[in-house]
Structure formats: C-alpha cells, structure tokens
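A.B. asks: Before anything else, here's the structure in question.
What follows is calculated from the coordinates using simple rules that are stated; it is not laboratory data. Source: prediction; values computed, not measured. Note that we place each Cβ from the backbone using ideal geometry, even for glycine, and neighbour counts take in every protein chain shown.
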Amino acid sequence: MAIDEITQKVSDRYARAASTGEQMCCPTSYDFADLKSFIPEEVLKISYGCGTPAGLKTVSHGETVLDIGSGGGIDCFEASRLVGPTGRVIGIDMTDTMLAIARKNAPLVATNLGYPMSNVEFRKGMADAIPVIDGAIDLIISNCVINLAPDKRKVFREMFRVAKPGGRFTISDIVADQPVPQYLVHDTDKWGDCLSGALTLTDYIAGMVGAGFLGIHLIKSSPWQVIDGIHFFSVTLTGYKLPANTPVSTVRYATLRGPFSRVVDELGTTYLRGIPQPITAETVCLLSQAPLAAQFVLSPDPLWLDRADDRWSAVYPIDAPCTWSGHFAILAGPFVEAADDDHHVYHRGEPLEICSKTLNVLEAGGYAPHFAIINRAGQSVSANSVTCAPNGGCC
Ligand SMILES: C[S@@+](CC[C@H](N)C(=O)[O-])C[C@H]1O[C@@H](n2cnc3c(N)ncnc32)[C@H](O)[C@@H]1O
C-alpha cells in the first residue's frame, strides 16, 4: 500500500470510531473512575491507547507537554491536570473528527480542574511533520500512534527536533517480537488495529537512537495479541535528548553495581560489575539519567566494589533442575547488551529463550524493570525437569 493510502485509511478508521464510539485497541490500565472526575464521558469513550504515558508519574508541574496523535484528548487532559495551570499541553492529530471532540471538551476540563482557562491546545498535524517549533517541548507523550505512521524514522526525527535539550519522551506503543510479514503489512484493517505497522522492539529503539535519543528504557510492557505466532505487545518507553552542553562535573569513573555482571551502554562503553571504568563527560551525563544512575557509582577517582559492599548486587539462580515452558526474555534497555551471572547475554530487543530458573532471576527486583517477558509456547508443553550443567547451572 502507498503511504498516502495507509494514512487515509487510518484516518478514516479513527474518524469512524470517534463518531460511533466503538471499542478499539488495547487495555490501558487507566483509572477511569479517577479520570471521570474531570474528563467528560465523550472523551473517555474514545480512548484508544495501549498504555498510560501521562499517568506514570512522568509529567511534572509547569512543563510543556506534546501529545502525538492525541485522539479525543484523554492523555492531554491528564497531562493538563499534572502540569497545573502554569504548564502547557499541545495535542496534535491528523483526524478532524477527533480534533473536534477534543477541542469541544477542553474548556469543560479546564472548568472541572478550576483553571481560569484551558492550558491545552489541539493542532491539526502529522506525526512526521509536527506543527511545533524546534526545542519547545519538555516531555513528548504518545499513546498507540507511532505504529500507525508509515514513516517512523521521520516521526522519531521530528520528536527529537521539537524536544528541548534536556527534554524526554514517554511513549506507549505496540511492538512485535519479530518482523511483521508482508501479508499483514498490506492488510488494511490490521493497520487500524495497531498491528500492521508494528516494528520489532529492536527497530523501534534503533529508530529512537538514530534520531539522537539516549537512555532508552522500559517503563512497562503487557501482552496484546498473538497472530500467526507473532507476539504483539504494548511497551511504554522513556528516553532523553541530552543537554546540548554537558554540565561541568568532577566525575571521571563509573563502577557498575549489578545485578548485571557486564553491560554495554548506548555510547559503546563496556562496564564489568565492581570495576571502575573511565568515562567521558557525555557518558557522565548519560549515566546521570534515571534509571542508569541507580546502576552505577559515579566517582572522581577509581572506585572498586566487592560483594561485601552494600552497593554491590547480584541475583543467582537456585541450585535445582530447569524446566522449559516457552518463556523468552527481551532486554528493553537502558543497555544495548547485558550479561547475568549464569552465562546469558541479552541483546536489546532480541528475544532469548529462558528456563524457569532464569525466569525467577529476571523477575527479581534488580532485573525485572529491564525485561519484557513473552511466552511463545502455542500449545501446552510437558515442562519436564532437566539438569543441564553439573553444578546445577542453567542450560
Ligand atoms: C489509536 S488512536 C490513539 C488516540 C489517543 N492517543 C488515545 O490514547 O486515545 C490513534 C490516533 O492517532 C491519530 N493518528 C494516526 N496516525 C497519525 C499520524 N501519522 N499523524 C497524526 N495523527 C495520527 C489518529 O487520528 C487517532 O486519533
């Protein structure tokens, strides 16, 4: 399908949905009872997101927030509440019917919030040609939209252009565990269902990094649909446009705390747990962002950590046989590569089959935020116990 045709069909689909209020797409886990206290039903009825990018403690008071593909305005209105009357929210969408509903409800939401006037503005525009000036936005959010854009690299470049230096994004979207085949890519209905245009997590994050964002990491993931063995799942990711000038700092070394035993950051530096690694000023800036900051001790002089140190952490598998039940772990940042203490090497975005023992390890506190876990077993499996290594290690 030609790009213009995809865009037209997607817009028609959402215009129809906005008129009929039909149910579409995925569970978002918004607290609708809370949102109902200030957002009209007409908006909530046409919430078609796949996450809660404005509702995860991501929005701060006084900020300027941009919502790409704002639809009926649910995330813009939640952001409006969170930025407060001194903050500002801009929603952009290509579909007139969506924009009309969002604009109609903006003054009602402002009244419900007790604001003298609405701090939300809805503009007509495309995700790959965002009608916002350069460097204006503190936080970019988007909820289940970028998968619908035919040229995602252009969208990522536009996001980087409009973000302030030091700004960030928090985006919920649908991704797939493997490339979507052509017969689905060219299925018109599945574009509107947020399936045909889904990228793999690897390509999604590579597009963001290619545009200039760094520190990309997972906030949340949840399964969506399995079609012909392809797992579609929703992810919420955050990443940063680092400040233009790196702040002056006395930090010269970073020591990895764990639980990973080795990691490679997005600038290509490798760190071994406990061993001080000399770093550049740009890397100091990257490692100072959440959640990277929690993974390292940054110091002006070389600093070694050993097991006796409270700052060192490791999670080992239990000494018992493994079972294989179809689980795959997908590293979703903030590292491009990471190793655990049981010879697994995870590459960001690439599913790696894991046994029950590793599943337990990755579900433990230090690891869990960095992984999306899927189960590819399409039928029930025997999950017999297997002993794979003489010392009880994993297969
Ligand atoms: C799945 S809905 C999500 C709407 C909203 N974010 C929400 O959570 O309810 C997708 C929205 O993105 C808009 N959209 C899709 N592709 C777009 C594009 N390339 N540029 C601008 N808007 C787009 C559609 O018009 C629709 O309103």
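A.B. asks: Considering only the other residues whose Cβ falls under 14 Å of the Cβ of Lys152, what net charge follows from Lys and Arg at +1 and Asp and Glu at -1?
C.D. replies: Summing Lys/Arg as +1 and Asp/Glu as -1 gives -2.
A.B. asks: Same structure, new question: Which of Lys9/Lys164; Lys104/Lys220; Lys190/Lys241; Lys57/Lys190; Lys241/Lys357; Lys57/Lys154 have a Cα-Cα distance over 30 Å?
C.D. replies: Lys9/Lys164; Lys104/Lys220; Lys190/Lys241; Lys57/Lys190; Lys241/Lys357
A.B. asks: For Lys57, Lys190, Lys9, Lys124, what's the fewest-to-most ordering of other Cβ within 10 Å of each Cβ?
C.D. replies: Ordered from fewest to most neighbouring Cβ atoms within 10 Å, Lys57, Lys190, Lys9, Lys124 come out as Lys57, Lys124, Lys9, Lys190.
A.B. asks: Note the angle between two axes, namely the Cα long axis of helix 152-162 and the longest principal axis of the Cα atoms of the chain, as a number of degrees from 0 to 90, rounded to the nearest 10.
C.D. replies: 80
A.B. asks: Note down the net charge around Val284, summing +1 for each Lys or Arg and -1 for each Asp or Glu among other residues with Cβ under 12 Å from its Cβ.
C.D. replies: Around Val284, the charge tally is -1.
A.B. asks: Related question: Pick out, from Pro150, Ala127, Gly167, the residue whose Cα sits farthest towards the positive end of the charge dipole of the stretch 91-242, with +1 on the Cβ of Lys and Arg and -1 on the Cβ of Asp and Glu.
C.D. replies: Of the listed residues, the answer is Gly167.
A.B. asks: What whole number of Å gives the distance from the Cα centroid of the stretch 8-24 to the Cα centroid of the stretch 318-357?
C.D. replies: What the calculation gives is 40 Å, centre to centre.
A.B. asks: Averaging sequence separations of C-alpha pairs under 8 Å and six or more residues apart, then dividing by the length of the chain, give the relative contact order as a whole percent.
C.D. replies: 12
A.B. asks: Same structure, new question: Based only on other Cβ atoms within 10 Å, what is the fewest-to-most ordering of Cys144, Cys26?
C.D. replies: Ascending number of Cβ neighbours within 10 Å: Cys26, Cys144.
A.B. asks: Among Thr236, Thr269, Thr170, which one shows the highest mean-square fluctuation when the chain is modelled as a Gaussian network with alpha-carbon springs under 10 Å?
C.D. replies: Ranking Thr236, Thr269, Thr170 by mean-square fluctuation puts Thr269 first.
A.B. asks: A further question follows. Under a point spin-label approximation (7 Å from Cα along Cα-to-Cβ), what is the Asn245-Asp301 distance to one decimal in nm?
C.D. replies: 3.0
A.B. asks: Test of understanding: ordering Asp203, Asp177 by Cβ neighbours within 10 Å, fewest first, what list do you get?
C.D. replies: Asp203, Asp177
A.B. asks: What do you get for the angle between helix 3-20 and the principal long axis of the chain? Use alpha-carbon atoms, 0 to 90 degrees, nearest ten.
C.D. replies: With rounding to tens, the tilt is 70 degrees.
A.B. asks: What's the extension gain from Asn360 to Gln178 if we count 0.36 nm per residue and subtract their Cα-Cα distance?
C.D. replies: Here the answer is 63.1 nm.
A.B. asks: Which net charge results when you count Lys and Arg as +1 and Asp and Glu as -1 among the other residues whose beta-carbon is under 12 Å from that of Lys124?
C.D. replies: Surrounding charge for Lys124 is -1.
A.B. asks: Please report how far the C-alpha centroid of the stretch 155-228 lies from that of the stretch 269-287, rounded to the nearest whole angstrom.
C.D. replies: 28
A.B. asks: Highest GNM mean-square fluctuation, the chain, Cα pairs closer than 10 Å: which of Leu298, Leu35, Leu214?
C.D. replies: Leu35
A.B. asks: Between the helical axis of 201-211 and the dominant principal axis of the chain, each derived from Cα atoms, what acute angle in degrees is found, rounded to the nearest 10?
C.D. replies: Result, in degrees: 70.
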